[in-house]
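The values are calculated or read from the model by the stated rules, or taken from the named source; none is laboratory data. The shown structure was predicted, so the numbers you read here are calculated from the model rather than taken from an experiment. Neighbour counts are summed over all protein chains in view; Cβ atoms, including those assigned to glycine, are modelled from backbone coordinates with ideal geometry.
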Amino acid sequence: MAAQIKLPEQNSVMLVGRLTRDPLVRFTPKGQAVASFDIAVNRRYKDTASGEWKDDTCFVPIVVWGPAAERVRDRLKKGSPVHVEGRLSMDEWTDKTGQKRKTMQVISRRLQVLAAAESAGGEEPAADIEQPAAGNIPSEPAAETADDVPF
């Protein structure tokens with residue numbers, strides 16, 4: 001009999017990248033804001049065959065819920081550098097042709113803007129865009145059903 005190994009439950013992601021497009025903010029029928037955007041995460045490496053430096057870019061979808069989603073809309077734009085902390089989530093659906101589709105995304109728990117934002121009065125320092133304490137909003141769209149999500 002194989003030894004029983006208890007694995008800790010851990011689903012944590014930390015990424016640094018730049019937005020590939022302006023955030024898209026929508027609202028569920030219950031009025032909860034949800035922002036979505038992708039970030040480009042680069043890894044630079046030296047090709048052993050050619051000796052040249054190359055970039056490996058990964059595009060990661062990010063989702064931000066609640067009041068933080070509205071702050072994202074106001075503070076971020078295409079090209080903004082961000083640090084995202086969150087968890088992986090798998091989304092499954094059936095498309096219009098009947099094909100089953102899956103996508104993996106990061107549900108943000110904390111998002112930090114890494115560059116100063118321009119404003120009418122000058123520049124603002126880098127700032128955190130965090131979700132409120134866990135008791136204030138759902139940690140994911142669990143309070144909303146799949147039918148409530150507008151996209």
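Brief remarks on what is shown
- Figure legend. Inter-residue proximity from region 89-105: first residues touching a residue at least 12 places away in the same chain (Cβ under 8 Å) and under 19 Å from PHE37 (Cβ atoms), second residues assigned to a strand (DSSP E or B) and among the β-branched types (Val, Ile, Thr), beta-carbon distance below 6 Å, spacing 6+ or different chains. Indicated pairs: SER89/ILE107; ASP91/THR103; GLN105/VAL63.
- Residue within region 28-38 that is touching a strand residue (DSSP E or B) at 6+ places or on another chain (Cβ under 6 Å), more than 16 Å from ARG109 (Cα to Cα) and modelled with pLDDT of 90 or more present: no
- For region 94-127, a residue qualifies if it is more than 19 Å from VAL60 (Cβ to Cβ) and modelled with pLDDT of 60 or more, and the qualifying residues are THR94, ASP95, LYS96, THR97, GLY98, GLN99, LYS100, ALA116, ALA127.
- Residue in region 49-58 that is at negative phi, surrounded by 10 or more Cβ atoms within 10 Å (Cβ to Cβ) and either among the β-branched types (Val, Ile, Thr) or touching a residue at least 12 places away in the same chain (Cβ under 8 Å) (or both) present: yes
- Hits in region 39-56 - residues which are among the hydroxyl-bearing types (Ser, Thr, Tyr) and in contact with a strand residue (DSSP E or B) (Cβ under 9 Å, 6 or more places away or on another chain): TYR45
- Residue match in region 41-54 (condition: closer than 21 Å to LEU114 by Cα and at pLDDT 95 or above): yes
- For region 9-25, the count of residues that are in contact with a helix residue (DSSP H, G or I) (Cβ under 8 Å, 6 or more places away or on another chain), of a type in the set (Val, Ile, Thr) and either more than 12 Å from LEU76 (Cα to Cα) or surrounded by 14 or more Cβ atoms within 10 Å (Cβ to Cβ) (or both) is at least one.
- Of the strands (runs of 3 or more DSSP E) lying entirely inside region 1-68, those containing at least 1 residues that are in contact with a Leu (Cβ under 7 Å, 6 or more places away or on another chain) are 13-19, 33-46, 53-65.
- Counting only residues that are in a strand (DSSP E or B) and buried (at least 22 other Cβ atoms within 10 Å of the Cβ), region 69-83 holds 1 of them.
- Count of residues meeting criterion [of a type in the set (Lys, Arg) and closer than 21 Å to SER12 by Cβ] in region 67-96: 1
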